[in-house]
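Just below is one structure, and these are the notes that go with it.
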Amino acid sequence: MTHHIGIVGCSAEGAALCYKTICVEGARLLGRHAHPEVSMHTHSLADYVTCLDNDDLNGVGELMLSSARKLASAGADFLICPDNTIHQAMHYVERRSPLPWLHIAEVVAQEAAARGYRRLAITGTRWLVDSEVYPSKLSHHGLRFMRPSEEECDAVDRIIMSELVGGIFKPEGIRTFQQIIERMKGEGCDAVILGCTEIPLIIDDDNSPLPTLNSTRLLARAALQRSVTENG
């Protein structure tokens, strides 16, 4: 028996990549063509962006909880959110949620520690990079981190929100990410967190100056493992 995975989506490309990873990689655990039951609910990305622009994390949390309740009604056993940025509201969400969650930054931090990394470069939206979503989890595991510079944050945020979330992938965007990662490598980082679920669509271990921690796939794989464990 597997446990029903509920996906609280935010941006389409990241949620779709997470869903696809669960379905494709489920076969490795469960046999050919097999994967756990999966349900997804997404509010409009515009609703989330409005809340984020207004520093309304309670509003972000209410959107997440609305999805959580719908997924609980659909029979989900636990929840994941393939969006790093809105994990800022998780402290508001978890105490009110009808179901337990896997936390994307905790999953990434555990993997970083298991691989023996010591200092992580954080990439993602400005909302994410300016937050404590990753620093709090990395510090708990004794890991150091580096944020991009202000100028780099602006460039990354623009690429994510103006291009990647809309399925637009430009060579210039890839080069910008590579240059930023290379700079942080020179400052002592030994791996990079792809802290936006769309970044893996243009950056991976093949073209990154540093080993990557793909938050989208790591969360999907953690959900698969949770789904097939006896206790769910």
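The values are calculated or read from the model by the stated rules, or taken from the named source; none is laboratory data. Please read all numbers here as calculations on a predicted model, not as lab measurements. Counting neighbours? That spans all protein chains shown, and the Cβs are built from the backbone with ideal geometry, glycine included. What goes into the accessible areas is simple: the full protein's heavy atoms, side chains included, and nothing from ligands, DNA or RNA. Shrake-Rupley method; radii C 1.70, N 1.55, O 1.52, S 1.80 Å.
General observations
- Length available on full extension from Lys20 to Glu187: 0.36 nm per residue minus the Cα-Cα distance, which gives 56.6 nm.
- Restriction of the GluC sites (Glu not before Pro) in region 1-100 to DSSP coil positions whose beta-carbon has at most 15 other beta-carbons within 10 angstrom yields Glu37.
- Cα-based reach from Lys185 at 30 Å (exclusive), listing lysines while leaving out same-chain residues under 8 positions away: Lys137, Lys170
- Prolate/oblate/rounded call for region 145-193, Cα gyration tensor, a/c under 1.5 rounded: prolate
- Accessible-area order (highest first, 1.4 angstrom probe) of the listed residues Tyr117, Tyr134: Tyr117, Tyr134
- Label-point separation in nm, Asn54 to Phe169, each point 7 Å along Cα→Cβ: 3.5 nm
- Amide H partners (placed H, <5 Å) of Trp101, local residues excluded: Leu79
- Part-to-part distance (alpha-carbon centres) for region 59-77 and region 78-147, which is given in Å: 20 Å
- Of the solvent-accessible surface of the chain, computed with a 1.4 Å probe over protein heavy atoms with every protein chain present, carbon and sulfur atoms account for 47 percent.
- Arg28, Arg69, Arg183, Arg226, ranked by accessible area, largest first (probe 1.4 Å): Arg28, Arg69, Arg183, Arg226
- Entry for Cα extents along the principal axes in Å (calculated from the structure that is shown) out of (1) 47, 41, 35; (2) 80, 36, 30; (3) 56, 39, 33: (1)
- Net charge in the neighbourhood of Cys10 (other residues with Cβ under 12 Å of its Cβ; Lys, Arg +1, Asp, Glu -1) is -4.
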